[in-house]
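The values are calculated or read from the model by the stated rules, or taken from the named source; none is laboratory data. On a predicted model such as this, the values are computed, not experimentally measured, just so you know. Because the Cβ atoms are built from the backbone with ideal geometry, glycine has one as well, and the counts that use them run over all protein chains shown. Keep in mind that these areas ignore ligands, DNA and RNA; they rest on the heavy atoms of the full protein, side chains included. Shrake-Rupley method; radii C 1.70, N 1.55, O 1.52, S 1.80 Å.
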Amino acid sequence: MTPATLPIRTDLFSIFILLGFVQGLILAYFFLSHSKGDKQPNLFLGGLILGMSILLSDVWLGYTNYMFEVLWLVDFSEPINLILAPLAYLYIKSGITQKPEKGYWVHLLPAIIYFLYMCILFYPQGNAYKYNCNISAFHPEMEMLVSNRYGNDWMFFPKNHITDFTGFSMVIYNLAGLYFLSNAFRKESLSFFAREKSPLSWYRNIYLQLTVLVIIFLFVRLSFPHDLGDHIIAAFIAFIIYATSFTVLRRSLFFQDTNVRAAKKYEKSSLTHEIQSTTLRKLEDVMAKEKAFLDPGFSLPILAKRLGISTHHLSQILNEELGQSFFDFVATYRINEAQKLLRDEGSSYIKIEEISQMVGYNSKSAFNTSFRKITGYTPSEFKKNAVK
């Protein structure tokens, strides 16, 4: 019997998924090309997005019927199903802790084993068998071909249950990510859904998008027979890629013009030059002499009250005159103070976690993030270089 083919399907889903695939490759390259040295989180995020993009290409081929033209590619991306959830967890964990994940390969072991299994049992199978696999997934109403395959039925158990393994992996790593993120927010004394800007907000938003993906995956698998709902999952994966790209572009320094933004924001401000000059003098006394920033509860309203100025005017002065937000401004003083303690031989007995508390941080992770951002080193690396 001659294999049947179907006309190419072109609709909104196919276009949305295809563009998501292309955008995903670009975004993956961006992160992977910036993953050297101490930027391991970029490696995990780049791998995650690359894996998503490859899955999109597989679903797109099946959904549009192009797969009939390249039958040797049927189910080529299945091993990636087991790598996405671990990579998402590793990205969130390494990004927050700023510590390298030395044994991360253990999390990728199931995907590696399944890939080797597919290389032995499935990839070498004939096109007739793969044709049957394709139509059973996307066109179960079509007649199958007579085909020969090698291997006993029990050998195909892992492949026949890859959807179950995928769902289990997604749920387990999603719960692990929730546990880790919740603890991180708790250490920062923040609500998990806090609106205030924090380094944790980015990771929380990524986690929430992936949580929705897990829910959609489980819903589709329970609602659709075979792989008929894969285009819905793929469309949401494409949405995640679009959303990540938009956020990366929005946060890019290339598009930032601090002076223009500040001028527009404060164009109706009643701040006078006299108030500004007086405040800058007082600000030096409060920060450099009194070291008010050492208080963990130090905030913009507290500083404004001590200076006798409105929070709006203080924010304007910091933005226009110093080119910093309040959080960056305070972090500069705190990290400078931490550098002095780390250089001081008399303070060598003090643990880094204790130093972070001494300079006003509630958690070591927030301290490490700010320290690396300002100095380019972790506190441990800085201390090691300082004693040489």
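Structure above, values below:
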{"quantity": "Cα centroid separation, the range 171-234 to the range 35-83 (Å)", "calculated": "20"}
{"quantity": "Distance in nm between pseudo-label sites at Thr311 and Arg9 (7 Å out along the Cβ direction from Cα)", "calculated": "5.3"}
{"quantity": "Kirkwood hydrodynamic radius (C-alpha pairs) into Stokes-Einstein, the range 170-240, 4 °C and 1.567 mPa s, D in µm²/s", "calculated": "96"}
{"quantity": "For the chain: relative contact order, % (alpha-carbon pairs under 8 angstrom, 6 or more apart)", "calculated": "16"}
{"quantity": "Anisotropy class of the range 97-166 from Cα gyration tensor, a/c 1.5 cut", "calculated": "prolate"}
{"quantity": "C-alpha long axis of helix 12-32 to longest principal axis of the chain, angle in °", "calculated": "50"}
{"quantity": "Three-way shape label, the range 287-380, alpha-carbon gyration tensor, a/c 1.5", "calculated": "prolate"}
{"quantity": "In Å², nearest 10: area of Arg221 left accessible to a 1.4 Å probe", "calculated": "60"}
{"quantity": "Stretch in the chain that is longest and holds no GluC sites (Glu not before Pro) that DSSP places in a loop and that have at most 12 other beta carbons within 10 Å", "calculated": "1-140"}
{"quantity": "Mean Cα-pair separation over length for the range 85-210, i.e. relative contact order, pairs under 8 Å, 6 or more apart, %", "calculated": "35"}
{"quantity": "Max mean-square fluctuation residue, GNM over the chain, Cα-Cα springs under 10 Å, options Thr369, Thr311, Thr166", "calculated": "Thr311"}
{"quantity": "Choice from Ile206, Ile92, Ile275 showing the highest fluctuation, given a GNM over the chain with Cα pairs closer than 10 Å", "calculated": "Ile275"}
{"quantity": "The chain: calculated mean residue ellipticity at 222 nm from DSSP helix runs of at least 4, using -39500 (n - 2.57)", "calculated": "-21000 deg cm²/dmol"}
{"quantity": "Where trypsin sites (Lys or Arg not before Pro) fall in DSSP loop in the range 25-112, at most 16 other Cβ within 10 Å", "calculated": "Lys36, Lys39, Lys102"}
{"quantity": "Cα-Cα over 22 Å, subset of Lys93/Lys187; Lys102/Lys159; Lys99/Lys351", "calculated": "Lys102/Lys159"}
{"quantity": "Three-way shape call for the range 1-159 based on the alpha-carbon gyration tensor, with the a/c threshold at 1.5", "calculated": "oblate"}
{"quantity": "Carbon and sulfur %, accessible surface of the chain computed with the full protein complex present, 1.4 Å", "calculated": "62"}
{"quantity": "Along the chain, longest interval not containing exposed chymotrypsin sites (Phe, Trp or Tyr not before Pro), exposed being DSSP loop plus at most 12 other Cβ atoms within 10 Å", "calculated": "194-348"}
{"quantity": "Degrees between helix 311-321 axis and first principal axis of the chain (Cα, 0 to 90, nearest 10)", "calculated": "90"}
{"quantity": "Helix 326-343 axis, angle to the chain major axis (alpha carbon atoms, nearest 10°)", "calculated": "80"}
{"quantity": "Surface per residue (accessible, 1.4 Å probe) for the chain, Å²", "calculated": "55"}
{"quantity": "Alpha-carbon radius of gyration plus Dmax, which is the widest Cα pair, for the range 69-211 in Å", "calculated": "20.0, 64"}
{"quantity": "Overall Cα dimensions of the chain, principal axis frame, Å, largest first", "calculated": "89, 52, 33"}
{"quantity": "Diffusion coefficient, µm² s⁻¹, Stokes-Einstein with Kirkwood Rh over alpha-carbon pairs of the range 4-82 at 25 °C and 0.890 mPa s", "calculated": "180"}
